[in-house]
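The structure appears below as structure tokens.
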Amino acid sequence: MEAKDAFFACAIPKVVFENATKNIPNNSEFRIKFLNICFLFSDLDTESLKDLIYDSLLNNFPTDADSRYMWAVRPLDQARSKSSSVADMENALRECFKRFDETLTSLPSEQMFDRYIQFLSNQIGRYDPGTAPSFLEEQHEQICERAHNATAASAFAYTDWINSLLRTGKPDAAIKVSEWAVTNLPNNGQLWSLRAELLAKDIVSKPLLSITDVEKSRREVAKTILAALRHVPRSESSQLRFTLLGLLNQIPAEDDRIESLFKDSIQNDVTAKESFKVLFIDWALIKHGISKARVVYQTVLQMLPVSVDIFAHCIAVERSQTVINMDLTRSLFERALMAHGAANTSLWLEYIQFEKDQKQFDRCQSIYFRATKQLKDAAEFMKGYDLQQELA
């Protein structure tokens with residue numbers, strides 16, 4: 001114990017710290033780790049060493065968000081190291097607020113706002129739901145708004161702000177913030193999803209709306225969901241897209257209005273028309289089943305040009321059924337080959353595999369010979385076919 005006391009009397013650690021910072025002068029991470037080690041020994045007096053480290057962080061890394069964060073929360077760390085009263089803890093929190101505010105004046109970055117907002121959320125989270133002091137909730141909302149006004153609000157900041165407003169019984173304000181969020185961060189699918197959910201819940205929570213207002217609200221929700229789907233990459237967020245399609249299906253809007261929104265999106269959004277074609281088919285399948293999906297995909301196939309991916313999706317829809325309609329599936333393959341058969345090896349191989357799965361080997365042979373005659377690169381096809389046979 002005496003050895004440890006001597007070590008943490010600060011003389012030796014100070015020398016170690018000072019020598020280390022001379023050798024690695026631009027490393028704030030080292031200083032923060034050294035500081036965290038000090039906190040592990042709460043039974044010893046390390047305040048003078050902490051002072052040295054905090055001063056080093058503040059003076060040498062004035063634009064580093066982590067360093068400024070450590071300095072800002074110090075009053076609360078000091079209060080917790082003592083047997084502080086409730087009043088003392090509140091005063092320490094308010095002192096942290098001052099330090100954060102001072103920091104944001106010179107460093108109004110997204111990272112710094114995020115750390116302040118996260119700090120406030122952590123303090124609120126220490127209380128049971130609905131019991132956090134009002135000054136904490138108010139400070140949280142003010143800083144979120146300040147981040148927004150400074151165009152430094154991240155997706156995390158907007159989401160936390162919305163959750164705070166909902167937690168404190170302000171759903172209309174939450175909806176407004178969600179509008180700002182998707183306007184400023186239009187490529188964030190989670191924010192679009194959150195806005196769509198808020199709008200959908202708002203309709204349910206206001207049963208006294210007029211028929212006109214209800215229809216207007218439903219259309220706004222549908223438009224928002226389509227916008228959300230537009231901004232969520234299909235390959236990266238399939239579960240989110242499925243959730244959004246499910247939410248779209250729950251809106252009691254007339255189907256022709258939803259279809260109109262899909263068609264408008266396909267016609268007017270050049271960069272995402274292919275995605276909307278797929279979504280249109282999926283919406284019909286999820287909400288109404290295969291019969292409606294067939295009507296929709298036939299409509300989509302009239303919207304020229306039709307890509308290989310759209311044909312592939314229509315074929316996948318048919319093949320996903322418990323009982324496959326062979327005639328329709330073959331018809332889709334044939335239409336796809338008419339449009340893309342001269343250059344697309346994968347279509348031919350997929351068609352052969354489909355017939356092979358049905359034990360239609362004569363058809364497989366026929367498709368094989370057609371492919372060798374119609375494809376521009378028959379050698380590539382035959383190589384793919386041989387590989388397909390090896391893997392069978």
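The values are calculated or read from the model by the stated rules, or taken from the named source; none is laboratory data. Note that the structure is a prediction, hence the values are computed from the model and not measured. When we count neighbours, we look across all protein chains shown, and the Cβ atoms used for this are built from the backbone with ideal geometry, even at glycine. SASA here: full protein model, heavy atoms, side chains in, ligands and nucleic acids out. Shrake-Rupley method; radii C 1.70, N 1.55, O 1.52, S 1.80 Å.
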Trypsin sites (Lys or Arg not before Pro) within region 265-367: DSSP coil, no more than 10 neighbouring Cβ in 10 Å: Lys359
Mark the label point 7 Å from the Cα of Thr63 along Cα→Cβ and return the residues of region 112-135 whose backbone N is within less than 17 Å of it. 112-113
Between Glu110 and Ser134, Cβ-based FRET efficiency (R0 30 Å, step 0.05) works out to 0.65
Rounded to whole Å and ordered largest first, report the semi-axes of the equivalent ellipsoid of region 46-194 derived from its Cα gyration tensor (root of 5λ). 29, 20, 10
So if each residue of separation counts as 0.36 nm, and I subtract the Cα-Cα distance between Glu220 and Glu47, what length gain in nm does that give? 56.5 nm
What are the lysines whose alpha-carbon lies under 22 Å from the alpha-carbon of Lys50, with same-chain residues fewer than 8 places away excluded? Lys4, Lys14, Lys22, Lys33, Lys82, Lys98
Solvent-accessible surface ranking, highest first, for Tyr127, Tyr54 at 1.4 angstrom: Tyr127, Tyr54
Kirkwood-based shape ratio for region 268-372, expressed as Rg/Rh from alpha carbons: 0.99
Treat every Asp and Glu Cβ in region 59-107 as -1 and every Lys and Arg Cβ as +1, leave all other atoms uncharged, and give the resulting dipole magnitude about the Cα centre to the nearest 20 debye. 100
Name the lysines eligible as straight-distance cross-link partners of Lys383: C-alpha to C-alpha under 25 Å, and not fewer than 8 places from it in the same chain. Lys356, Lys359, Lys373
Over region 293-356, what is the mean sequence separation of C-alpha contacts under 8 Å (at least six apart), divided by residue count, expressed as relative contact order in percent? 23
Suppose R0 equals 41 Å; then what is the FRET efficiency for Gln358 and Asn268 from their Cβ-Cβ distance, rounded to the nearest 0.05? 0.50
Under a cut-off of 13 Å between alpha-carbon atoms, report the aspartates and glutamates in cross-link reach of Lys170, not counting same-chain residues fewer than 8 places apart. Glu137, Glu138, Glu141, Asp202
If we sort 158-171, 100-113 on the protection proxy, mean other Cβ atoms within 10 Å, highest first, what's the order? 158-171, 100-113
Put one equal scatterer on each alpha carbon of region 127-166, apply the Debye formula with no solvent term, and list log10 I(q)/I(0) at q = 0.20 1/Å to two decimals. -0.58
Length gain on complete extension for the stretch Asn26 to Arg257, per 0.36 nm per residue less the alpha carbon to alpha carbon distance? 77.2 nm
Once the piece of chain linking Asp386 and Arg319 is laid out straight, how much longer is it, given 0.36 nm per residue of separation minus the C-alpha distance between them? 21.7 nm
